[in-house]
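In what follows, a single structure is set out as structure tokens and then discussed.
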Amino acid sequence: MGDLTGAARGFRVMDPIPIEVWRTDIDRRLEVLNGQSLAGAGALYDSVRYSACAPGKRLRALLLLAAIREFDQGDSAAANAGWEPSLSSTSCAPGDTFPEAILDLACAVELIHAASLIFDDLPSMDNASLRRGQPANHIVFGESTAILAGISLLSQAFGLIAGSGAGTPEARNRFVAALSEAVGVRGLAAGQQADLDRRVTTASAPIGAIHAAKTGVLFAVAAQGGGLIAGANEADCTRLHGLGLSIGLAFQAFDDVLDAAGSTRHTGKDVGQDQRLGDERGTVVLARARVAIRDHLGAVEDAVNDLDRGNQALRGYTRHLRAALERHLRLCNG
Ligand code: GRG
């Protein structure tokens, strides 16, 4: 793979937004939200906490924050959330961090993602044993508890949005509605079903549609949700959705490359899943995925140019994403 990142090697110096601060804030908030054992919850609680707080890139949550930062006009999300000091505020310039009400929205997206990873790894799905560098949830806690933990994470996610004071009530309602659709029969669940079908029949949905539902839609709704909460207009929210979809498609293609050419040591998860499952993707996936990454990242650049409101947030996010992809792909190649 050629250099995806352009100036990525100078990323830290040129970083226009404090993305590592945001990521740390998300991690800390996830810890706070899942840090105290619930009376009587026992292994189920441990299982929820195990996946909610496992180390991840937090790309979907960061996209939501970047969209908010790009579009916030200081009179919508900010006013409603009160902009109380957030977790890292002592070590950051004013405006670098987000209040808890907004971090909760970012965490909600991450919790849905965490649930999807639990379900994805189950024996009846991808039957994977390693995730994020540690044993998959069902390996540690057993299949029944893992399923219940996934359901609990989903439930926690929607509760967090309902209880957050960020944005207007209407914006939060629309975000919840979009997320619920992104999880269900038009989103993650549908994409997973189509992916499972594809393994047993040739008459299946096109791969692009599967990727869009399985991976693209959650990125899309994260970006759109950021726009909604920040009070962006309808057209911009639609554009943000499109941006997120392109990011998700690029990312899924990248994930396919990791699966075909990466190692467990670098990815922290089982690789070769597609080949092991007798999937034709194993042999053709590399060439196709590399073209797809390039094309989707081109669409991402176009969308970011359209959406640029001078706050450098979406541009900074994209640069972070490209740097992350490039870093992993270099590890794959070398
Ligand atoms: C009801 C939530 C729910 C899901 C049921 C199992 C399922 C349907 C969908 C699977 C969706 C899925 C896991 C798609 C793969 C997406 C993907 C590329 C995951 C890896 O994401 P990273 O690399 O993970 O961002 P980290 O560990 O960094 O968070």
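Of all residues in the range 105-125, those satisfying the criterion of being of a type in the set (Asp, Glu) and surrounded by 22 or more Cβ atoms within 10 Å (Cβ to Cβ) are 110, 121. Residues in the range 315-334 that are more than 20 Å from residue 56 (Cα to Cα) and touching a residue at least 40 places away in the same chain (Cβ under 8 Å): 315, 333. The residue of the range 41-72 that is nearest to residue 254 (Cα to Cα), among those that are of a type outside the set (Lys, Arg) and assigned to a loop (DSSP other than H, G, I, E, B), is 56. Kindly check whether there is at least one residue in the range 270-290 that is outside any loop (DSSP other than H, G, I, E, B), at pLDDT 85 or above and not basic (Lys, Arg). Within the range 270-290, none of the residues are outside any loop (DSSP other than H, G, I, E, B), at pLDDT 85 or above and not basic (Lys, Arg). Among the residues making up the range 130-168, a single one is part of a helix (DSSP H, G or I), touching an Asp or Glu at 6+ places or on another chain (Cβ under 7 Å) and free of Cβ contacts under 8 Å to residues at least 24 places away in the same chain: 138.
Scan the range 167-223 for residues that are in contact with a Ser or Thr (Cβ under 6 Å, 6 or more places away or on another chain) and either near the ligand (Cβ under 10 Å from one of its atoms) or among the acidic types (Asp, Glu) (or both) and the total you get is 2.
Pairing residues of the range 43-62 that are without any contact (Cβ under 8 Å) to a residue 60 or more places away in the chain and farther than 15 Å from residue 28 by Cβ with residues that are of a type in the set (Ser, Thr, Tyr) and more than 7 Å from the ligand (Cβ to nearest atom), at Cβ distances under 6 Å and at least 6 apart in sequence or on separate chains, gives 45/37.
State whether the residues of the range 198-218 include one that is touching a Lys or Arg at 6+ places or on another chain (Cβ under 6 Å) and either charged (D, E, K, R) or within 23 Å of residue 290 (Cα to Cα) (or both). Yes, some residue in the range 198-218 is touching a Lys or Arg at 6+ places or on another chain (Cβ under 6 Å) and either charged (D, E, K, R) or within 23 Å of residue 290 (Cα to Cα) (or both).
Based on what the data block shows, is residue 98 outside any helix (DSSP H, G or I) and either aromatic (Phe, Trp, Tyr) or within 12 Å of the ligand (Cβ to nearest atom) (or both)? It is true that residue 98 is outside any helix (DSSP H, G or I) and either aromatic (Phe, Trp, Tyr) or within 12 Å of the ligand (Cβ to nearest atom) (or both).
The values are calculated or read from the model by the stated rules, or taken from the named source; none is laboratory data. From a predicted model like this one, the values you see are computed outputs, not experimental measurements. Cβ: placed from backbone, ideal geometry, glycine included. Neighbour counts: every protein chain shown.
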